[in-house]
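The values are calculated or read from the model by the stated rules, or taken from the named source; none is laboratory data. Nothing here was measured: the structure is a model prediction, and the numbers come from that model. Reconstructed Cβ throughout: ideal geometry from the backbone, glycine too, with neighbour counts over all protein chains shown.
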Amino acid sequence: MQWQRRLSTQVPKLPKWRGWPEVLTVDDHWNAMRSYIMTSGALFSLVVAVHVFRLVAEGFGPLSNPIFVFSTLASAAMSAWAWFAFKAAKQPPPPRSDA
């Protein structure tokens with residue numbers, strides 16, 4: 001079908017005043033997703049670094065707060081996931097053959 005083939009390779013045209021290209025390819029989406037994953041990993045790493053700095057500055061007092069501990073562990077897990085996902089996403093998948 002014509003519309004299914006177009007959906008797999010193109011994005012609808014965006015207004016020209018935004019400065020976007022008329023058709024975004026799979027590579028454009030792939031690079032945007034890699035940038036998103038890298039930014040997310042950096043932000044989660046920054047949260048973990050701030051929490052470690054707080055532990056150094058205040059001692060082990062914040063460890064008695066379960067929200068502090070949970071948010072630190074969750075941020076560390078999301079940071080690790082983002083870095084593994086970024087490393088795994090080196091190349092875009094091969095194009096599908098939906099003929």
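Here is how the numbers come out for the structure above:
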{"item": "Any hit, the stretch 27-34, residues being at pLDDT below 55 and in a helix (DSSP H, G or I)", "result": "no"}
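Per-residue answers, yes or no, for (1) modelled with pLDDT of 65 or more; (2) among the aromatic types (Phe, Trp, Tyr); (3) touching a strand residue (DSSP E or B) at 6+ places or on another chain (Cβ under 6 Å):
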site	(1), (2), (3)
9	no, no, no
14	no, no, no
44	yes, yes, no
47	yes, no, no
62	yes, no, no
80	yes, no, no
89	yes, no, no
94	yes, no, no
